[in-house]
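To start, the structure itself, in structure tokens.
The values are calculated or read from the model by the stated rules, or taken from the named source; none is laboratory data. Given the structure is predicted, the values throughout are model-derived calculations rather than measurements. Because the Cβ atoms are built from the backbone with ideal geometry, glycine has one as well, and the counts that use them run over all protein chains shown. To get the accessible areas, we keep the full protein, side chains included, count just its heavy atoms, and leave off ligands, DNA and RNA. Shrake-Rupley method; radii C 1.70, N 1.55, O 1.52, S 1.80 Å.
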Amino acid sequence: NATELFDMCQARATVMMYDDAGKRWVPAGSGAQAVSRVHIYQNPNNNSFRVVGRKLQADQQVVINCPLMRGIKYNQATPNFHQWRDARQVWGLNFSSKDEAMQFANTMMYALDVL
Ligand SMILES: CC(=O)N[C@@H](Cc1ccccc1Cl)C(=O)N1CCC[C@]12C=C[C@@H]1CC[C@@H](C(=O)N3CCC[C@@H]4C=C[C@H]5CC[C@@H](C(=O)O)N5C(=O)[C@H]43)N1C2=O
């Protein structure tokens, strides 16, 4: 049975990944850069967390599905652009508003604190 995940927070952001070879940011997912709704979900059964983002447009393409691992450093590079590294790549979130960025960061830092 699918575990009931707790939707801790949502924020609008453009999800980007850093292309180390090309030394440039590329939009996550296929097609043009577009705003996604990015969630932090908690699995209460095993106290795990993951960041999931889906494009706002019709296809709701999943553009990020990233488990949060203990020890991740969440970098608030600017009030609207936050980033972190996972095992394979660097994720960047360009938030639609500073308020959403702050809410997301607070939830992210809580999750990283209790992992
Ligand atoms: C030790 C370490 O790993 N450090 C990491 C960061 C980090 C630190 C600590 C923990 C985790 C991490 Cl991940 C690091 O520095 N990284 C991670 C990969 C990319 C980068 C490396 C070089 C470039 C130089 C400039 C800078 C950059 O990317 N931006 C500046 C701030 C916002 C600015 C905003 C938006 C994006 C949208 C496109 C481009 C633009 O605005 O047109 N852009 C930007 O230019 C953005 N870089 C980085 O962030």
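Side notes on the structure shown:
- Estimated FRET transfer efficiency when R0 is 41 angstrom, pair Arg88-Tyr110 (beta carbons, to 0.05): 0.95
- Accessible surface of the chain, 1.4 Å probe, proportion on carbon and sulfur as whole %: 49
- Legend: residues Leu93, Leu112, sorted from most to least accessible area (1.4 Å probe; ligands, DNA and RNA excluded), read Leu112, Leu93.
- With each label modelled as a point 7 angstrom along the Cα→C-beta vector, the Asn65-Ala34 pair spans 1.8 nm.
- Per-residue surface analysis assigns Asp59 an accessible area of about 90 Å², computed on protein heavy atoms at 1.4 Å probe radius.
- Taking all protein chains together, Glu4, Glu100 sort by accessible area into Glu4, Glu100, largest first [probe 1.4 Å].
- Relative contact order of the chain, defined on C-alpha pairs under 8 angstrom at six or more residues apart (%): 27
- Overall, the chain carries a charge dipole of about 260 debye about its Cα centre when +1 sits on the Cβ of Lys and Arg and -1 on the Cβ of Asp and Glu, all other atoms neutral.
- Residue of Gly29, Gly92, Gly71 that the Gaussian network model of the chain assigns the largest fluctuation, springs spanning Cα pairs under 10 Å: Gly71
- Global geometry of the stretch 26-70, whether rounded, prolate or oblate, following the gyration tensor of its Cα atoms and the 1.5 cut on a/c: prolate
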